[in-house]
1. Just to be sure, is Gly728 farther than 24 Å from Gly641 by Cβ and of a type in the set (Gly, Ala, Ser)?
2. Kindly provide the set of residues from segment 447-501 that are of a type in the set (Gly, Ala, Ser) and not in a loop (DSSP other than H, G, I, E, B), ordered by number.
3. In segment 312-321, is there at least one residue being within 36 Å of the chain's Cα centre (by Cα) and either open to solvent by 20 Å² or more (accessible area, probe 1.4 Å) or within 29 Å of Met267 (Cα to Cα) (or both)?
4. Can you give me the number of residues within segment 562-585 that are open to solvent by 80 Å² or more (accessible area, probe 1.4 Å), touching a helix residue (DSSP H, G or I) at 6+ places or on another chain (Cβ under 9 Å) and either at positive phi or in a helix (DSSP H, G or I) (or both)?
5. Out of Arg168, Arg215, which single residue is in contact with a His (Cβ under 7 Å, 6 or more places away or on another chain) and open to solvent by 40 Å² or more (accessible area, probe 1.4 Å)?
6. Considering segment 75-98 alone, what residues qualify as being more than 18 Å from Leu188 (Cβ to Cβ), surrounded by 12 or more Cβ atoms within 10 Å (Cβ to Cβ) and not charged (D, E, K, R)?
Amino acid sequence: MADQKAAEDTKNKKYPLLPLRDVIIFPHMVVPLFVGREKSIAALEEAAKNGNELFLVTQKDASVLNPDREDIYDIGTVVNIIQMLRLPDNTVKVLIEGKYRASIKDFHASPDGYWADVEKCANEVEDQVNLEATMRSIKTTFEQYVKLNKRIPPELLMSISSITDPSRLADIIVAHLSMKIPEKQEVLEAIKVEARLSLLLEKMQGEIEIINVERRIRSRVKTQMEKSQKEYYLNEQMNAIQKELGQKDDGKTDIQEMEEKLAGKDMPDEAREKAAKEIKKLKSMSPMSAEAAVVRNYIDWMLSLPWFKYTEDKNDVPHARKVLEEGHYGMKDVKDRIVEFLAVRSLLNDDTKGKGTILCLAGPPGVGKTSIAKSLAEALGREFHRISLGGVRDESEIRGHRRTYVGAMPGKIMNALKKAGTSNPLILLDEIDKMSSDMRGDPASAMLEVLDPEQNKNFGDHYIEVEYDLSKVMFIMTANDLGAVPGPLRDRMEIIHIAGYTPFEKLQIGKKYLLKKAVGFNGLDKYKVNLSDNVQSEVIKGYTKEAGVRELERLYNTVCRKIATDVVTENIPEGKKFNVTSKQLKKFLGPAKFEGTDIEDSPQVGLVNGLAWTSVGGELLHIEVVTVPGKGQIQITGKLGDVMQESAKAALSYVRSIGNRLGIDPTWYEKNDIHIHVPEGATPKDGPSAGVTMVTALTSAITGIKVHQNVAMTGEVTIRGRVLPIGGLKEKLLAAKQAGITKILVPIKNAKDLPEIPEEIKGGLEVIPCAHVEEVLKEALELNQPEKFMEVVGLTVISNTDNSDQSVAN
């Protein structure tokens with residue numbers, strides 16, 4: 001009989017179907033429903049005629065008025081109608097009780113209503129022990145849920161604790177949870193009781209976690225609101241007290257003051273609309289909120305920028321020339337370019353002379369690049385602002401930070417304009433070659449927009465978010481090493497090279513500027529401090545070895561400090577004259593640091609004087625080569641870069657190629673090791689201009705012929721022996737002269753640069769242009785009969801008329 005009854009229970013039955021919207025009915029639920037759709041009312045009336053049984057299933061989309069099969073879920077609940085009442089508004093209130101789950105096997109839709117053939121879903125129980133443990137966990141978790149959710153009556157816990165049927169327990173609990181319809185439907189479709197309980201436990205724990213988070217958020221918001229309300233109340237009290245004391249009688253708020261500033265500010269329409277929008281946003285914010293401070297700071301920036309404010313330039317060429325001459329000695333190229341700039345502007349009308357100028361002053365430290373920019377701003381009558389780019393590695397330093405970041409602010413360009421108070425200042429971008437890049441961006445790439453006259457009229461700062469016109473700004477850059485500046489950035493600059501000062505120029509600068517400055521800086525204005533030309537020359541040659549004059553200025557300050565100390569300790573009256581002699585100079589500064597020459601006393605084998613150019617000026621570079629018995633190994637030391645190492649290898653290849661004409665046994669290289677060293681070992685060195693020096697040193701070391709100690713040379717060499725041109729000729733000649741060199745060998749293609757070098761540097765130097773390294777060997781090696789040496793070596797130089805190529809004939 002039991003088997004027969006179970007078979008009848010699982011047999012398909014046909015019921016009127018009522019689709020539900022935004023509600024799911026579970027078995028064992030007793031709940032009232034309000035039915036208004038005609039087909040749904042027809043389903044209720046049909047069920048009332050056939051045993052009061054009805055099939056309820058939920059719609060997937062509650063907005064569908066006449067659902068079809070695909071609009072409803074597969075599993076619903078067979079219910080029993082307990083009571084039905086028709087209301088005056090033609091809707092029906094029905095009280096139903098859920099009986100069991102059922103799945104739709106066939107669906108019928110007609111104009112009169114819906115029918116469905118359904119099959120009862122049997123509850124499946126697999127592991128009774130796990131089921132019992134899960135039931136206990138569910139009851140405990142539901143108890144926690146009821147304590148957190150005040151909408152569930154506590155009496156429900158009593159009835160839940162007495163339920164022993166796991167299926168009924170799950171259906172009653174899920175009906176009281178605040179879950180979305182798809183989640184409840186997922187529980188309804190869980191046929192296996194153990195899976196249903198596990199799913200319910202998971203959903204319930206998730207709901208408990210959400211409730212805890214909501215409670216924490218409400219508590220935090222409540223605390224913040226109480227604090228804001230307290231601060232607002234206290235601020236209102238403070239305003240009232242100030243008003244009573246007469247300290248605040250204008251009655252204006254900060255926002256009103258911003259609106260007045262905006263109304264009177266001359267700025268682009270886009271910027272005005274942006275500022276007005278932010279002021280409107282600020283009105284609706286709590287004055288004490290963090291976001292209000294961010295918005296207020298942004299508005300202050302928008303109102304403080306000099307949008308259409310310009311200063312009028314002084315296009316007075318004689319005045320500019322006078323200002324430049326008063327502040328700087330020499331620097332002819334820079335002064336001429338500035339005078340040309342002013343002359344052109346004086347001929348242009350107002351519409352065409354607004355375009356900015358972008359100059360780059362390149363030269364060693366201490367030659368006056370920064371100070372000449374200040375003098376230029378004074379000559380033009382423009383505001384001056386300096387931006388130091390040394391060590392800048394974040395692109396946001398140039399373009400600003402986006403306002404989404406905490407502590408965001410505009411970039412250095414906008415900050416300079418704000419401080420200058422005008423849209424056409426002179427901005428000095430100092431040490432532009434010292435910028436670097438990392439994962440935060442490349443500031444050199446950001447500078448491309450700043451320094452391009454065709455782009456900077458629409459410069460975009462990330463913080464300001466409104467385009468700003470930089471086309472009328474005059475940018476001056478300084479750099480020590482142009483090689484460190486990226487090519488595209490270098491292409492946007494007009495580069496003016498500033499060479500190091502000669503001893504004569506340093507003497508004039510010391511007399512006209514530095515000594516007077518040091519006297520005033522050390523409080524000796526009321527005393528007469530005098531250094532004769534000979535004493536100052538002694539300071540320059542014996543205590544300094546630099547391209548600029550910074551160390552010279554420090555030495556003048558040292559002398560003045562010593563004198564100031566004597567004035568104070570000996571109570572010397574004002575007006576006293578101090579004539580610093582050579583003897584006093586040694587007392588003040590100590591013994592001379594530089595002897596005047598850095599060369600050997602006599603010719604040496606394998607030691608040659610080379611000339612190098614660095615970012616701080618010219619240097620004398622000694623190259624040493626020794627040969628020792630060995631197995632033909634070559635060693636190169638002195639912390640040389642890749643280019644210089646390749647230059648050494650090229651030099652050795654050339655020397656080996658002429659070995660038979662030098663009378664060297666071809667097997668000599670297999671029995672001897674060659675060591676090339678370039679002091680000082682701790683200083684990095686690189687570049688190709690030491691090629692001829694290495695050829696000479698290798699030839700001397702291998703043949704045993706000495707090299708004149710008073711000869712220096714520079715030039716790149718090819719493996720065919722041609723001497724290629726180099727840069728920094730003026731600085732190299734100056735370094736050679738200071739070191740005591742009397743003869744200098746330079747590439748023949750650099751001969752065109754010699755007329756531009758001051759006679760003061762060339763005086764006392766024998767400069768010999770060389771087209772081929774054979775000429776260098778003839779001049780550098782100590783030979784009794786150079787012509788005979790040439791015959792032994794077998795060298796004959798054939799020079800073309802254009803000096804562009806050389807050939808070797810046996």
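1. no
2. Hits for segment 447-501 are Gly460, Ala479, Gly483, Ala484, Gly487.
3. Yes.
4. Adding up the residues that qualify gives 1.
5. Testing whether each residue is in contact with a His (Cβ under 7 Å, 6 or more places away or on another chain) and open to solvent by 40 Å² or more (accessible area, probe 1.4 Å) leaves just Arg168.
6. Ile81, Ile82, Met84, Thr91, Val92, Val94, Leu95
Matching residues to (1) farther than 19 Å from Phe26 by Cα; (2) touching a Leu at 6+ places or on another chain (Cβ under 9 Å); (3) modelled with pLDDT under 80:
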site: Val146; (1), (2), (3): yes, yes, yes
site: His176; (1), (2), (3): no, yes, yes
site: Val187; (1), (2), (3): no, yes, no
site: Lys192; (1), (2), (3): no, no, no
site: Leu201; (1), (2), (3): no, no, no
site: Gly206; (1), (2), (3): yes, no, no
site: Ile210; (1), (2), (3): yes, no, no
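Yes/no matrix, rows are residues, columns are (1) of a type in the set (Lys, Arg); (2) open to solvent by less than 20 Å² (accessible area, probe 1.4 Å); (3) free of Cβ contacts under 8 Å to residues at least 60 places away in the same chain:
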| residue | (1), (2), (3) |
| --- | --- |
| Asn456 | no, yes, no |
| Gly460 | no, no, no |
| Tyr468 | no, yes, no |
| Pro486 | no, no, yes |
| Ile498 | no, yes, no |
| Thr502 | no, yes, no |
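The values are calculated or read from the model by the stated rules, or taken from the named source; none is laboratory data. Every value quoted in this text rests on a predicted model; they were computed, and no experiment measured them. Please note: Cβ atoms are built from the backbone with ideal geometry, for glycine as well, and neighbour counts cover all protein chains shown. For accessibility, only protein heavy atoms count, side chains too; no ligands or nucleic acids. Shrake-Rupley method; radii C 1.70, N 1.55, O 1.52, S 1.80 Å.
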